[in-house]
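Peer 1: My questions will all concern the structure given below.
The values are calculated or read from the model by the stated rules, or taken from the named source; none is laboratory data. Keep in mind it's a predicted model, so treat the numbers as computed, not measured. Quick reminder, even Gly has a Cβ in these numbers, built from the backbone with ideal geometry, and neighbours come from all protein chains shown.
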Amino acid sequence: MNFLKEGKTNWKYILIVVILALIVGVGTLWWVKKQKVSFVEFPEIEKPEKVEDETANWETYRNDDIGFLMKYPSDWEVGIFSKGEYGAITFDHRDELGYLCSILVSKSLNYDDERGRPITFEEMVTDLETKGEEIVSDITGQGVRNLSMEQIIIDNIPAIKLCWLNDYGDRGCIVFSVLEKDIFSINHMSKSKQEKCQNTFNQILSTFRFIKIDETSNWKIYRNEGYGFEVKYPTEYTLEENVEKMTDFGEEGDYAEILLNKTIIDSPCYKSSVQKVYIGINETDNTSTTCSKEKVFAPTLNEEYIKGISLQLTEEGWPERKEINDIIFYRRYFVTHSMGGKAYPNYAYQSFRNKKCYKIGLEGYSSSAFGFTDECPPSLRDSSQYKSLFENEDKKIQETFFLILSTFRFLE
């Protein structure tokens, strides 16, 4: 079964990846033995008393690529199973009886093939509650009975914990947590009589922290001393300065353009992209009153129609008023159409300071503003995969634009 599609990982098969990682990383073969697995219900494991005292002298491991830190006993060994943002790290210890206690932490891209989009934590819980035995059975290749699961909290983030026990006395637990576009998994394997190992696993969970990754840390910086601002943008994009332009809003200004040409959707039925982001001075709305207000441009002056567009934009994640780095921005929106159903949406935010109207806008492109292209086969139009493209388009455009907007700063 191919569980990797176009760089997206179906979350259910992340289980397979992490289990295979542990097989290779720690040399444990009990996952591939052809035995009948018997699962039992596990009671909720209480955190050991004096967790802070017992972990006080532990080592601290931090991984800024994956985005987590945790404490672990000083006599455990740390191994790198795979590097990068979607890597996996192993923590191993062999006890006095020679049994191996293993923990693996990994992160995968959140994507569910069946839904054609990222899965929410609530949906994951529902799937595991209704199809948990089937999902684990896919991994082991055997029947599953009495699967145990519970919802827990890790670093103030909801998580779900699955545990099982097989006939050979081997115990496994997997903890899942959903963080927007990513899924974290923390996995544990040991013999059932290794109570110390299992307690250590719970102690490690109590020290686990998520680290917010700064995706802009290696970006280029555009700095404009004349207008007194700076903004960051991805290194792979090009920038053109001093572009005199009249925007789709009918406003003249002096801008710098970041040429993205970033494809958001590229399918036989539908194409969309972010063409450029522009940053500069709106010379038309150059007063506090005209700059510091929302404006929606529409082909009709019908007030109710414009209110409807404004409400829809807010519901789709483009707020009328947005505060970033203590700067208040106000929304602007305009869209033009051309032959063949092509659309050119323009989202922008602006803020007034030092008698100037600062503006950051995004120019996009959609191949069909009214549905699928004429060349799209009917069989594809009816598929959930292609219908989901429209649902995710705005979110992907927002990610690109708001990440750049989050780096905007006025110079002191």
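Peer 1: If only one of SER185, SER217 is polar (S, T, N, Q), touching a helix residue (DSSP H, G or I) at 6+ places or on another chain (Cβ under 8 Å) and modelled with pLDDT of 80 or more, which one is it?
Peer 2: SER185
Peer 1: Take the residues in the range 249-307 that are among the aliphatic types (A, V, I, L, M) and modelled with pLDDT under 80; name whichever of them is surrounded by the fewest Cβ atoms within 10 Å (Cβ to Cβ).
Peer 2: Among them, the one singled out is LEU301.
Okay, residues lined up against (1) of a type in the set (A, V, I, L, M, F, W, C); (2) at pLDDT 75 or above; (3) more than 24 Å from the chain's Cα centre (by Cα); (4) surrounded by 16 or more Cβ atoms within 10 Å (Cβ to Cβ):
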{"residue": "ALA343", "(1), (2), (3), (4)": "yes, yes, yes, yes"}
{"residue": "TYR347", "(1), (2), (3), (4)": "no, yes, no, yes"}
{"residue": "GLN350", "(1), (2), (3), (4)": "no, yes, yes, yes"}
{"residue": "ASN354", "(1), (2), (3), (4)": "no, yes, yes, no"}
{"residue": "CYS357", "(1), (2), (3), (4)": "yes, yes, yes, yes"}
{"residue": "TYR365", "(1), (2), (3), (4)": "no, yes, no, yes"}
{"residue": "GLY371", "(1), (2), (3), (4)": "no, no, yes, no"}
{"residue": "ASP374", "(1), (2), (3), (4)": "no, no, yes, no"}
{"residue": "PRO377", "(1), (2), (3), (4)": "no, yes, yes, no"}
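Condition check ((1) at pLDDT 75 or above; (2) within 30 Å of ILE265 (Cα to Cα); (3) surrounded by fewer than 14 Cβ atoms within 10 Å (Cβ to Cβ); (4) outside the structural domain of GLN203 (by TED's automatic domain parsing)) across all residues:
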| residue | (1), (2), (3), (4) |
| --- | --- |
| ASP127 | yes, yes, no, no |
| GLY132 | yes, no, no, no |
| LEU147 | yes, no, no, no |
| GLN151 | yes, no, yes, no |
| ILE157 | yes, no, no, no |
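Peer 1: Are there any strands (runs of 3 or more DSSP E) wholly within the range 174-239 with 3 or more residues that are closer than 30 Å to ILE281 by Cα, and if so which?
Peer 2: In the range 174-239, the matching strands (runs of 3 or more DSSP E) lie at 220-224, 229-233.
Peer 1: Restricting the first residue to the range 61-72 and requiring it to be surrounded by fewer than 16 Cβ atoms within 10 Å (Cβ to Cβ), which pairs with a second residue that is of a type in the set (Lys, Arg) and not in a strand (DSSP E or B) meet a Cβ separation below 8 Å and a spacing of at least six or different chains?
Peer 2: ASP65/LYS83
Peer 1: On the basis of being under 26 Å from the mean Cα position of the chain (by Cα) and exposed (fewer than 14 other Cβ atoms within 10 Å of the Cβ), does ASN242 make the cut?
Peer 2: Taking the combined requirement at face value, the residue does not satisfy it.
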